[in-house]
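The block underneath contains the structure these notes are about, expressed in structure tokens.
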Amino acid sequence: PKAVILQGKSGLGKHRLAQWLAETAHEAGMAQVLMAEHDPIAGPAHGLPHMFANLFHTRNLNGPEVVERTSDMLKQIGIDDAYESQALARILLSASGALTNPSTVSTGTLSERLAIYERIVQQMAEHRPIIIVLKNAQWAPEALQFATRLMRSRGTELPVLVVLTCDTEAVVHHQREKRHIEAIASLPTSETIHLEPLQPNETV
């Protein structure tokens, strides 16, 4: 696994660059793309649950439909475990938009959720490389721990590229996330690209 951190002030095109990379890789058939959005205040479209709900097409489904779809999709990628299926279904149900109060659904501990996410990525990566785009990483504590988990040393190859966008002005107010991003940046398989405003001759 490798990581690229796109950092700079707001409005310099970090998200657009990440989006271009994702769309180009997808159009060329070179990778499957997963994308997670993050906001200062978590909403329905925030974070990893929404990312996997989009992947499994469980948005706007009711409870029984989410459970059935989750089981079917996991089997398609080679995961046939009833416990994992039920655990993931609860996570996806919380992001389905079908519940007026998603917090009433037990989604397990953070370590349990990250383990399920990692297993899905590992299985998917056996068929095609994966690009995971984590937008606004300065507001993404869970996603950063997921990225750290994916980036750790392992005995087998994992063809995954994690792309993080980071607002250098906003991150100073989120020291925990800042430390996570710095730890990822320090890894030998990571690269940091600091975006600056375009020069006048570059905008012609």
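The values are calculated or read from the model by the stated rules, or taken from the named source; none is laboratory data. Computed from a predicted model, the values in this text were never measured in an experiment. Using ideal geometry, Cβ is built from the backbone for each residue, glycine included, and neighbour counts are taken over all protein chains shown. Just so you know, the surface numbers come from the protein's heavy atoms only, side chains and all, with ligands and any DNA or RNA stripped out. Shrake-Rupley method; radii C 1.70, N 1.55, O 1.52, S 1.80 Å.
Quick one: how many lysine pairs does the chain have with C-alpha atoms less than 25 Å apart and a gap of 8 or more or different chains? Give me the count, please. Step by step, the pairs that qualify in the chain add up to 8. Label positions at GLN175 and THR156, each projected 7 Å from the Cα along the C-beta direction, are separated by 4.1 nm. Protein heavy-atom accessible surface, 1.4 Å probe, per residue over region 14-142: 50 Å².
Based on a Kirkwood Rh over C-alpha pairs, give the Stokes-Einstein translational diffusion coefficient of region 113-198 at 4 °C and viscosity 1.567 mPa s in µm²/s. Result for D is 94 µm²/s. Which residues does a label at GLU112 reach in region 39-69, if reach means a backbone N under 14 Å from a point 7 Å past the Cα toward the Cβ? No residue passes the distance filter. Compute the longest continuous run of the chain that contains no exposed trypsin sites (Lys or Arg not before Pro); treat a site as exposed when its DSSP state is not H, G, I, E or B and it has at most 14 other Cβ atoms within 10 Å. The longest uninterrupted stretch comes out as 10-151. A value for Rg and Dmax of the Cα atoms in Å was derived from the coordinates, and within the list [x] 19.6, 64; [y] 17.3, 59; [z] 15.7, 49 it appears as [y]. Listed values for region 44-52 are Karplus-derived 3J(HN,Hα) couplings in whole Hz (6.51 cos²θ - 1.76 cosθ + 1.60, θ = phi - 60°), namely x, 9, 8, x, 5, x, 5, 4, 6, and x replaces Gly and Pro.
With a Förster radius of 41 Å applied to the beta-carbon distance between GLU126 and GLN199, the computed FRET efficiency rounds to 0.40. Extension gain, ARG59-SER186: 0.36 nm per intervening residue step, less the Cα-Cα distance, totals 42.1 nm. Averaging the sequence gap over all C-alpha pairs within less than 8 Å and six or more residues apart, then dividing by the number of residues, gives the chain a relative contact order of 36 percent. For SER106, the accessible surface of its heavy atoms amounts to roughly 80 Å² (probe 1.4 Å, protein chains only, rounded to the nearest 10). For the chain, a Gaussian network of Cα nodes joined below 10 Å ranks ALA137, ALA82, ALA185 by mean-square fluctuation, and the top entry is ALA82. To put it simply, the accessible area of region 14-90 at a 1.4 Å probe is 54 percent carbon and sulfur. Both numbers refer to the Cα atoms of region 1-115; Rg and Dmax are 15.9, 45 Å. The figure for VAL172 is an accessible area of roughly 70 square angstrom, using a 1.4 Å probe on the protein chains alone. Determine the calculated [θ] at 222 nm for the chain from helices alone, applying -39500 (n - 2.57) to every DSSP H run no shorter than 4 residues and normalising by the residue count; nearest 500 deg cm²/dmol. Value at 222 nm, helices only: -13500 deg cm²/dmol.
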